[in-house]
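Everything on this sheet refers to the single structure shown next.
Just so you know, all these numbers are worked out from the coordinates, no wet-lab data involved. None of the values given here were measured: they were computed from a predicted structure. Positions of Cβ are backbone-derived with ideal geometry, glycine not excepted, and every protein chain shown enters the neighbour counts.
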Amino acid sequence: MMNSRSKLRASALALVWALMTPMGVFVSPATAAPAKTSLPDWSGTWNPHERNLFDASSLAKGEVKAADTGSSLFEASYMRMYPPYKPDFEKRYEDKLKATQAGVSSDPTAACVPPGFPRIMGTPYPLEFIVQPDRVTILFEAFGQTRRIYTDGRKHSADPDPTYNGESIGHWEGDTLVVDTIAMRADTVFDVTGAPHSDAMHVVEHIRRKSKTLMEDVILVEDPKALTKPWTVTRTFDLEPDWQISEYVCEENQRNPIKPDGSTAFIAK
């Protein structure tokens, strides 16, 4: 017969054996996905290559008119993109463009609120990537924003609260980071032209380092309320070895305050 000490030892060995077998392995939910063994080097400071339009292909088509004043200050009033909008969203966009040309701001960032995603990926300020086994963190100089992309195997929340940058879940396909983002606030816009989207927007990105000095983000936008079909936009980023992210405080450099009538003022400095 086994004494008490022998029974205790046998029970402990049985427990260890159960934990070592495939059916008995204990894995915490946060680490359910196997960690990528080799992470890409995305270190350094990266600067958006394209201009301030979310879809820079509009520039290539020559669809930006010069402002009558000849001043770059008013250039945004005469730019537009051509998303595959449904008629009601195209009208909303055209109304915003007309208001902007009349001096009434259609850009929420003029009031120092964050640009939101996906616009933040094209805001003309540098950014940094911090690549870790369980997440990729993007630090933006613009508005001091931070974006977290979780790669630990978790799923999207069942009913996430809308936020400026949404909820981003990613996974690695080789050295390409595939990111699925939902729950973006509907009151943000795509860029300085005020191009709108709905609360149903869903974005999938493929982010990769194309070369030593070039990063690429292929952004697929789906929005069944606003768009007639998915919209693909490619953004690129140049490595700037001598740059670093600086502190950005919008309220201390607010040169375009909103006046009571809704128009945008300009404070020369």
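In this model, which of 155/210; 96/225; 155/225; 98/225 are farther than 26 Å apart at the alpha-carbon? Please report the intermediate quantities before stating the final value.
Details: 155/210 28 Å; 96/225 18 Å; 155/225 24 Å; 98/225 23 Å.
Pairs exceeding the cut-off: 155/210.
A cut-off of 5 Å between modelled amide H atoms, ignoring neighbours fewer than 5 places along the same chain, links residue 86 with 227, 228. Here the alpha carbons of segment 128-226 define both size measures, Rg and Dmax, at 13.9, 39 Å.
Scanning residues 5 or more positions from residue 54 or on other chains, those with amide H under 5 Å from its amide H are 192, with H placed 1.01 Å from N in the peptide plane. Over the C-alpha atoms of segment 46-253, the Rg to Rh ratio, Rh being the Kirkwood estimate, stands at 0.95.
Note: relative contact order over segment 46-253, using C-alpha pairs below 8 Å and six or more positions apart, is 23 percent.
With r as the distance between the Cβ atoms of residue 111 and residue 82 and R0 = 35 Å, compute the FRET efficiency 1/(1 + (r/R0)^6) and round to 0.05.
0.85
With contacts taken as Cα pairs under 8 Å and at least 6 residues apart, segment 201-242 reaches a relative contact order of 37 percent. For residue 154, the amide hydrogen comes within under 5 Å of no other amide hydrogen, counting only partners 5 or more places away or on other chains and with H modelled in the peptide plane.
How high is the FRET efficiency between residue 248 and residue 173 when r is their beta carbon distance and R₀ equals 30 Å, given to the nearest 0.05?
On the way: r = 33 Å, r/R0 = 1.09.
Calculated transfer efficiency: 0.40.
Once both labels are positioned 7 Å from their Cα atoms along Cα-to-Cβ, the gap between residue 234 and residue 186 label points is 3.3 nm.
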